[in-house]
Each structure stands twice: as C-alpha cells, then as structure tokens.
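Accompanying notes for the structure given below.
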Amino acid sequence: MSSPSEFIVVEVDMAACAGLARCGGCVRVCPVSIFQKSGDKPAVVEKNLDECILCERCLQSCGPEAITIRKLYEA
Ligand code: SF4
Ligand code: SF4
C-alpha cells in the first residue's frame, strides 16, 4: 500500500493524547491544517501531509508527546 505522502507520516498516539477539550494544541498551532477535530481527539488530515513544513510546533505543543513525525526520505 502506498503512503498518502512520499515525504512524511504523522501519527497520533490516541491513548496518550490528552484530548481536544484539555489540550487541542496540535489543531491550533499547525499552520497547514494537518490536524482536524474528530470527536474529542485530533485526526491527521492525510491529504495535507505534503504541506508539512516540519516546523515542529505540533510536537512542542504536545505535553504528552503523543505525536510522531516520521520522515520517509531519511533512512
Ligand atoms: S511540523 Fe508543523 S507543519 Fe508539520 S504537522 Fe507539525 S505543526 Fe504542522
Ligand atoms: S497536542 Fe498532543 S495532547 Fe494535545 S490534542 Fe494534539 S495530540 Fe493530543
């Protein structure tokens, strides 16, 4: 199966995520709308992944470190 992006994968550990009511940082800070609301948790908008500028604002906003960004172009 091909990935939605050749460039990156963004994953949210839903068990670790504090939820949008308590946090919502990733949805708020991402300048290119990689995260959207899905109930009380964020969902990754896969069609937007190629827009990621690797600013790491989402990672910095995430207290529980629930977000992982994998760069597919690195070994
Ligand atoms: S690194 Fe920046 S652009 Fe990429 S998903 Fe996180 S906040 Fe959005
Ligand atoms: S920043 Fe982290 S804890 Fe906050 S809503 Fe996003 S994934 Fe969940």
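The values are calculated or read from the model by the stated rules, or taken from the named source; none is laboratory data. Being a predicted model, the structure only gives us computed values, none of them experimental. Note that each Cβ is placed from the backbone with ideal geometry, even for glycine, and that neighbours are counted across all protein chains shown. Ligands, DNA and RNA are stripped out before the accessible areas are found, and what is left, the full protein with its side chains, is counted by its heavy atoms. Shrake-Rupley method; radii C 1.70, N 1.55, O 1.52, S 1.80 Å.
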Study note, to complete from the structure: Whole-percent carbon and sulfur contribution to the accessible surface of the chain (1.4 Å, no ligands, DNA or RNA) stands at 48
Check your understanding: In Å, what is the Rg of the alpha-carbon atoms in segment 8-70, and how long is Dmax?
Key -> 10.3, 28
Check your understanding: Using alpha-carbon pairs under 8 Å, 6+ residues apart, how would you state the relative contact order of segment 8-70 in percent?
Key -> 47
Review point. Averaged per residue, what accessible surface does segment 8-70 expose to a 1.4 Å probe, in Å²?
Key: 58
Practice item. Count the net charge of all other residues whose Cβ sits under 11 Å from the Cβ of Cys23, scoring Lys and Arg as +1 and Asp and Glu as -1. Key: +2
Review point. For the pair Ala18 and Arg57, how long in nm is the line joining their label points, each one 7 Å along Cα→Cβ?
Key: 1.8
Point to revise | Sum of side-chain charges, Ile67 neighbourhood, beta-carbon under 10 Å (Lys, Arg +1; Asp, Glu -1) | key: -4
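Calculated from DSSP H runs of 4 or more alone, at -39500 (n - 2.57) each and per residue, what is the 222 nm mean residue ellipticity of the chain, nearest 500?
Working: 2 runs with 10 residues, N = 75.
Only helices count here, giving -2500 deg cm²/dmol.
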